[in-house]
Amino acid sequence: MQDQLDSILGLRFDNSFVRELPGDPESRNYRRQVHGACYSRVEPTAVADPSLLAWSPEVAALVGLPEQPDEAQRSELAAILAGARLGPGMEPYAACYGGHQFGNWADQLGDGRAITLGEVLGPTGDRWELQLKGAGPTPYSRRGDGRAVLRSSVR
């Protein structure tokens with residue numbers, strides 16, 4: 001099992017966002033205004049008994065994952081992509097940002113139910129953000145539980 005685990009978690013992470021930008025000094029994950037930070041460290045809320053429903057060989061190749069994972073790899077990938085397990089090099093966070101909504105300045109916005117696991121360097125050196133949608137609440141969540149159904153997560 002360790003060989004399969006190594007092949008799945010063999011992704012190369014280079015998390016420049018959290019390395020180079022200021023982070024939230026508060027380590028507890030609760031809804032609040034965050035000042036002077038570009039992100040808050042949070043961990044995904046695990047899903048019980050996850051399963052892999054779909055797989056894109058093209059996207060897998062971009063980040064250095066197997067184009068057709070075997071059954072053991074599918075199980076490990078499901079755990080990672082469901083937020084039940086973090087692999088080496090992953091530094092999960094929710095991003096903080098501001099912006100306009102409906103023509104008005106909305107002040108603090110942010111990843112209310114999205115959690116970035118890290119920045120993956122693909123086989124060609126391209127940088128990809130590995131992010132989970134509906135992975136649980138973050139400091140930027142509004143009133144929901146941070147979860148999302150599949151139809152609102154796939155775009």
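Against the condition over 26 Å from Arg32 (Cβ atoms), at pLDDT 90 or above and in a helix (DSSP H, G or I), how does Ala72 come out, does it pass? Judged against the criteria, Ala72 is not a match. Residue-level check: of (1) of a type outside the set (Val, Ile, Thr); (2) more than 18 Å from Leu11 (Cβ to Cβ); (3) without any contact (Cβ under 8 Å) to a residue 24 or more places away in the chain, Ser56 misses just (2).
Within segment 80-113, which residues are part of a strand (DSSP E or B), at pLDDT 85 or above and touching a Gly at 6+ places or on another chain (Cβ under 8 Å)? If the condition is that a residue be part of a strand (DSSP E or B), at pLDDT 85 or above and touching a Gly at 6+ places or on another chain (Cβ under 8 Å), then Tyr93, Ala94, Ala95, Cys96, Tyr97, Trp105 are the ones that fit. The residue list Thr138, Thr45, Thr116 contains one member that is modelled with pLDDT of 90 or more, within 13 Å of the chain's Cα centre (by Cα) and in a strand (DSSP E or B), which is Thr116.
Picking from residues in segment 1-42 that are crowded, with 17+ Cβ neighbours inside 10 Å, outside any helix (DSSP H, G or I) and in contact with a helix residue (DSSP H, G or I) (Cβ under 7 Å, 6 or more places away or on another chain), the one that is modelled with the highest pLDDT is Tyr39.
The values are calculated or read from the model by the stated rules, or taken from the named source; none is laboratory data. Values in this document were obtained by computation on a predicted structure and should not be read as measured data. Quick reminder, even Gly has a Cβ in these numbers, built from the backbone with ideal geometry, and neighbours come from all protein chains shown.
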